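Data block below; observations after.
The values are calculated or read from the model by the stated rules, or taken from the named source; none is laboratory data. These numbers were taken from a predicted model, which means no experiment stands behind them. So basically every Cβ, Gly included, is an ideal-geometry build from the backbone, and we count neighbours across all protein chains shown. Heavy atoms of the whole protein, side chains included, go into the accessibility calculation; ligands, DNA and RNA do not. Shrake-Rupley method; radii C 1.70, N 1.55, O 1.52, S 1.80 Å.
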Amino acid sequence: QLQLVESGGGLVQPGGSLRLSCAASGFTLRPYAIGWFRQAPGKEREGVSCISSSGDSTKYADSVKGRFTISRDNAKNTVYLQMNNLKPEDTAVYYCAARALRYGSSCSGDLYEYAYWGQGTQVTVSS
């Protein structure tokens, strides 16, 4: 089966940093645009960032722009989300997902276009 596994979450103080990883199991990530999403308790899932299949294009939500950086290493079949200057508002479960190939290999923030999802990793920003 096509599976994604997130890791790297944890508890961090405001202003701290974390790096999340998204590893693929059962398939190669190379053809896929990959998105990072997050969901806080009682809130809808929202797009955080995405990266095209080639890595030549990235997008960020306004709330994280300048603080988060998405990258990928196709040789390692892994996508990363570097999160710096974390804020309490960043507290959420973070998910990575692969966009369905029929929608293309570019970035998209539309949830319905992502076919394969990881289990999520908890990020808590608190003093």
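List the pairs whose first member sits in the range 40-61 and is under 22 Å from R102 (Cα atoms), whose second member is at pLDDT 95 or above and open to solvent by 80 Å² or more (accessible area, probe 1.4 Å), and whose Cβ atoms are under 6 Å apart, counting only residues at least 6 apart or on separate chains?
C50/K59
Tell me, yes or no, whether the range 19-34 has at least one residue that is among the basic types (K, R), touching a Phe, Trp or Tyr at 6+ places or on another chain (Cβ under 9 Å) and either without any contact (Cβ under 8 Å) to a residue 24 or more places away in the chain or assigned to a loop (DSSP other than H, G, I, E, B) (or both). Spell out how you get there, then give the answer.
Looking only at the range 19-34, we keep the residues that are among the basic types (K, R), and these are 19, 30.
Narrowing further to those that are touching a Phe, Trp or Tyr at 6+ places or on another chain (Cβ under 9 Å): 19.
Retained after the next criterion (residues that are either without any contact (Cβ under 8 Å) to a residue 24 or more places away in the chain or assigned to a loop (DSSP other than H, G, I, E, B) (or both)): none.
No, every residue in the range 19-34 fails to be among the basic types (K, R), touching a Phe, Trp or Tyr at 6+ places or on another chain (Cβ under 9 Å) and either without any contact (Cβ under 8 Å) to a residue 24 or more places away in the chain or assigned to a loop (DSSP other than H, G, I, E, B) (or both).
Would you confirm whether or not the range 101-117 contains a residue that is part of a loop (DSSP other than H, G, I, E, B), surrounded by fewer than 22 Cβ atoms within 10 Å (Cβ to Cβ) and in contact with a Leu (Cβ under 8 Å, 6 or more places away or on another chain)?
no
Being within 13 Å of the chain's Cα centre (by Cα) and among the charged types (D, E, K, R) narrows it down to one of R30, R38, so name that one.
After ruling out the rest, the residue left standing is R38.
Quick one: is D73 acidic (D, E) and open to solvent by 40 Å² or more (accessible area, probe 1.4 Å)?
Considered against the rule, which asks whether it is acidic (D, E) and open to solvent by 40 Å² or more (accessible area, probe 1.4 Å), D73 comes out as yes.
Scanning the range 62-80 for residues that are in contact (Cβ under 8 Å) with a residue 40 or more places away in the chain and not in a helix (DSSP H, G or I), which turns out farthest from the chain's Cα centre (by Cα)?
N77
Matching residues to (1) open to solvent by 70 Å² or more (accessible area, probe 1.4 Å); (2) touching a strand residue (DSSP E or B) at 6+ places or on another chain (Cβ under 8 Å); (3) of a type outside the set (S, T, Y); (4) under 13 Å from V93 (Cα atoms):
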residue	(1), (2), (3), (4)
S7	no, yes, no, yes
P14	no, yes, yes, no
S17	no, yes, no, no
L29	no, yes, yes, no
E44	yes, no, yes, yes
S49	no, yes, no, no
G55	no, yes, yes, no
K65	yes, no, yes, no
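Quick one: L111 ticks every box in (1) modelled with pLDDT under 95; (2) on the phi < 0 side of the Ramachandran plot; (3) over 15 Å from the mean Cα position of the chain (by Cα) bar one, so which box is it?
Unmet condition: (3).
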